[in-house]
Amino acid sequence: MSLILLLSVMVMSCQKDTGEQAVDQKKIALNADSALNATPSDNFLAVEGTLTIKMQDSTYIFDASTDSVAFVNMSAGNNRYFGITAINKAHTMSFGVSSKGAAADSLTKPVAGGQLLIMADVMHTQQYTLTQYAEPGDSGKINLLQYRQKDVLAKGNFFTFLSKDDDPNSSLYRVEGTFELKLKKQ
């Protein structure tokens, strides 16, 4: 859910506003902002640190000093989720991974959602999503080693399996990542 909100805001910010479309886009963005602001103490934009993702022979790095990298906590109905979302400064790549439950130190949880979008240009977008065809518990793990300790926002690692375009016949790609994100020094 957070990925959908994040991606809708990202897509809207990259489009030119015109007529009724502009009004509709602003309403959607306001709703997305309201959902994130409903629990402002639970969502944090990192100011330093990196999120590194490895898939096949490629390594992707989000640098929190220039890219938007956030640690989010959300509720959907009676379920709580936590995760990391990131969009690079050029808006050509975004990533998100989440787990069900509440974030805490020394926590290992199964991956509940994941997505990687790489947009070389408008016509050439690669989309990788958490496969919906995996058995429960087979989608990977998030290891949250540190959470909200002094200036450390979140530190840990994860692995998951993403499929291209969510096709049931698509190959699964193992995605591994590390994150060490920091808040403003207090």
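The values are calculated or read from the model by the stated rules, or taken from the named source; none is laboratory data. Because the structure is predicted, anything quoted here is derived from the model rather than measured. A quick note on method: Cβ atoms are made from the backbone with ideal geometry, for glycine too, and the neighbour counts reach across all protein chains shown. All accessible areas refer to the heavy atoms of the entire protein, side chains included, with ligands and DNA or RNA removed. Shrake-Rupley method; radii C 1.70, N 1.55, O 1.52, S 1.80 Å.
A few notes on this one:
- Yes/no for S99 being in a strand (DSSP E or B) and either open to solvent by less than 60 Å² (accessible area, probe 1.4 Å) or at positive phi (or both): yes
- Region 47-70, subset crowded, with 16+ Cβ neighbours inside 10 Å and free of Cβ contacts under 8 Å to residues at least 24 places away in the same chain, residue farthest from D121 (Cα to Cα): D63
- Within region 71-90, the residues that satisfy the criterion of being crowded, with 22+ Cβ neighbours inside 10 Å and of a type in the set (A, V, I, L, M) are V72, I84, A86, I87.
- Candidates D138, D105, filtered to the one that is in a loop (DSSP other than H, G, I, E, B) and either open to solvent by less than 70 Å² (accessible area, probe 1.4 Å) or modelled with pLDDT of 85 or more (or both): D105
- Of the residues screened, H91 is not one that is of a type outside the set (A, V, I, L, M) and out of contact with any strand residue (DSSP E or B) (no Cβ under 8 Å at 6 or more places or on another chain).
- Of the criteria (1) in a strand (DSSP E or B); (2) without any contact (Cβ under 8 Å) to a residue 24 or more places away in the chain; (3) among the small types (G, A, S), which one A90 fails: (1)
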